[in-house]
Amino acid sequence: MENNLTVYNTLSRRKEKFEPMNPPFVGMYVCGPTVYGDAHLGHARPAITFDLVYRYLKHIGYKVRYVRNITDVGHLEHDADSGEDKIGKKARLEQLEPMEVVQYFTDRYHQNMSALNVLSPSIEPKASGHIIEQIEMIRKILEAGFAYEVNGSVYFDVVKYNQNHNYGILSGRVLEDLMTATRELEGQEEKHNPADFALWKKAQPEHIMRWPSPWSDGFPGWHLECSAMGTRYLGEQFDIHGGGMDLLFPHHESEIAQSVAANSKAPVKYWLHNNMITLNGQKMGKSLGNAISLFDFFAGNHNLLQQPYSPITIRFFILQAHYRSTLDFSNEALQAADKGLKKLMAALATLDKLAVSEKSTSNITELRKKCYDAMNDDFNSPIAIAQLFEGVRIINSVKNKKETITDTDLEILKKTMIDFVFEILGLKQEEAGRSNELIDELMGTILILRQKARESKDFATSDLIRDHLAKLNIIVKDTKEGVEWSLEE
Ligand code: ZN
């Protein structure tokens, strides 16, 4: 298939034609979860965004090696130099071996991903399984002169690196500004400059997760694992690196610096970042206390939730916004997504029952092209979804005999709807499919009882049945062909 894909590259700050270095192969690395708690709605967005990217690249013919890591070495959350080790803390509080915490939350993360219909990556490496690669990378950075050791810890020398390279190339941050932003944090006194970051930290006695190294018994800095595992599985240079915008600085900026320092090469051609999900306009996060776990969303188990929301409703809600736009959570928005999804699935269910004619009243080839145009424009899923709803409109018009469609066009319409809804957007028919069947069967039973009552002139019972159904907005009609029922909109 002809490749017209353009992607917005955070590095160049513009849309670029997508040209992988070694087609048809594409290497893609996405920062995965830190496994010391359940994933919340905010975690669903990068997972679904890069699932969409993965699915679309495969759909247009690329062979994608997709690496999404598990952060499990008990680094110090989002700041490699300070704070406390969250996995170690959880293990200590619950009297568990840290790897029991890691396994438990990794399993639960996988349950969430499977419910959201997020495909498994090609490789899911754990940081704890790649300590050797990380030590090796530190050694190379030290050898190149871009790091220094103090008391068993190794720090990246940002100032030295910035003399001939640009620490800020991705985020646009300026080193001078970073230097003045001093913070009173543990380990700061060891650094030559406040902007320097840890590659290896000597473990304090209470730190449970530790490994031997040439410098001390300790643990790697957080930024390092992604550089080391990306290099290990995708090479010194690969095509796509993705993640949430919150990882842009310092995490991804530091990944670039580490790889350039160790390998003398910029590691990534296209940097892709998804925007955040907000809650009533506020950032959502564990530390802010407003993060609702995905399990709670699925069960409706939180005072901010008016009802449970199914995983596919959440997936559809996320795909209805472009990945680079902000997305604000609200019950209304999720309920609207749920309604839209049901409408889409209902139309798909009638596709096989449509009658064909001599002539098509709508341009189906054009509709299919517009779906691809949307996805080729930096994975614009909301525009693609709008086109699919044009498809829904056509399906319903043909069904209601207000429009006509030819045999050939019906096949194109079917293929477009199925390719985009299921394969590319990764939506699926949930329980509704089964419960619709069940409702059909139950209604059949009720209507037999009503018919029996009428035959034996028990009008009180048949009226009772009719009135109860009316309360549920179910309209029963007696026609020449028999009894029909429908749900009033
Ligand atoms: Zn990462």
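The values are calculated or read from the model by the stated rules, or taken from the named source; none is laboratory data. Since the structure is predicted, the reported quantities are computational estimates derived from the model, not experimental observations. With ideal geometry, Cβ positions are generated from the backbone for all residues, glycine too; neighbour counts draw on all protein chains shown.
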### Query
Going by the structure shown, is ILE474 modelled with pLDDT of 80 or more and in contact with a Phe, Trp or Tyr (Cβ under 9 Å, 6 or more places away or on another chain)?
yes
### Message
Among the numbered criteria (1) part of a helix (DSSP H, G or I); (2) modelled with pLDDT of 90 or more, which one does LYS89 miss?
### Response
(2)
### Query
Is it true that some residue in region 353-367 is outside any loop (DSSP other than H, G, I, E, B) and free of Cβ contacts under 8 Å to residues at least 12 places away in the same chain?
yes
#### Entry: Residue that is farthest from LEU487 (Cα to Cα), among those in region 461-474 that are hydrophobic (A, V, I, L, M, F, W, C) and out of contact with any helix residue (DSSP H, G or I) (no Cβ under 8 Å at 6 or more places or on another chain)
LEU464
### Query
Which members of region 1-22 meet the condition of being part of a loop (DSSP other than H, G, I, E, B) and either aromatic (Phe, Trp, Tyr) or within 19 Å of VAL64 (Cβ to Cβ) (or both)?
MET1, GLU2, ASN3, ASN4, LEU5, PHE18, GLU19, PRO20, MET21
### Query
GLU236 fails exactly one of the following numbered conditions: (1) surrounded by fewer than 21 Cβ atoms within 10 Å (Cβ to Cβ); (2) at pLDDT below 95; (3) in contact with a helix residue (DSSP H, G or I) (Cβ under 7 Å, 6 or more places away or on another chain). What is the number of that condition?
(2)
### Summary
With criteria (1) in contact with a helix residue (DSSP H, G or I) (Cβ under 7 Å, 6 or more places away or on another chain); (2) buried (at least 24 other Cβ atoms within 10 Å of the Cβ), MET209 comes up short on (2)
### Query
(1) buried (at least 17 other Cβ atoms within 10 Å of the Cβ); (2) without any contact (Cβ under 8 Å) to a residue 40 or more places away in the chain; (3) assigned to a helix (DSSP H, G or I); (4) under 34 Å from the mean Cα position of the chain (by Cα): which one isn't true of GLU133, the others all being true?
(2)
### Query
Just wondering, is there one or more residues in region 43-54 that are within 16 Å of the ligand (Cβ to nearest atom), assigned to a loop (DSSP other than H, G, I, E, B) and out of contact with any Ser or Thr (no Cβ under 7 Å at 6 or more places or on another chain)?
no
### Task
Might you check whether a residue that is modelled with pLDDT of 90 or more, surrounded by 12 or more Cβ atoms within 10 Å (Cβ to Cβ) and either of a type outside the set (A, V, I, L, M) or not assigned by TED's automatic domain parsing to the domain that holds LYS58 (or both) occurs anywhere in region 454-463?
yes
